[in-house]
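Peer 1: First the structure, which I've put down as structure tokens, then a few questions once you've had a look.
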Amino acid sequence: MNNKDEHANKIQHVVTQYFMTQRVKPVAMDDLAAYKKYVAQITTLHGMLISAMKAKQTTDLKHVENLRKLVDEFSQLYFSKEDLEHLHEHH
């Protein structure tokens, strides 16, 4: 249980302290494509925070599965196709 909670806390920390406060910058609404991407990123990050919180509150694996899905979605939204290919080369 402690290990699960610790990992969820780390995810919450990275989401808030790295992505939401440093990396994902607000975008003006007049650039509609960039604004839609920004909203999708923020919405996905918020979903990750909620799923991590729920994973700490219960042992139901559906929250872990949802968190994994959201991490993958955010990766697709945040990283370029070239970045993702480069990351997969190192695994």
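The values are calculated or read from the model by the stated rules, or taken from the named source; none is laboratory data. Because the structure is a prediction, the values reported are computed rather than measured. Ideal geometry is used to build each Cβ from the backbone, glycine not excepted, and the neighbour counts take in all protein chains shown. The protein model used for the area step is the full one, side chains on, heavy atoms only, and it has no ligands, DNA or RNA in it. Shrake-Rupley method; radii C 1.70, N 1.55, O 1.52, S 1.80 Å.
Peer 1: Is it true that S51 is of a type in the set (G, A, S) and at pLDDT below 95?
Peer 2: So S51 does not fit the description; no.
Peer 1: Inside the chain, counting only helices (runs of 4 or more DSSP H) that do not spill past its ends, which hold 1 or more residues that are touching a Phe, Trp or Tyr at 6+ places or on another chain (Cβ under 6 Å) and open to solvent by less than 60 Å² (accessible area, probe 1.4 Å)?
Peer 2: The helices (runs of 4 or more DSSP H) meeting that bar are 32-57.
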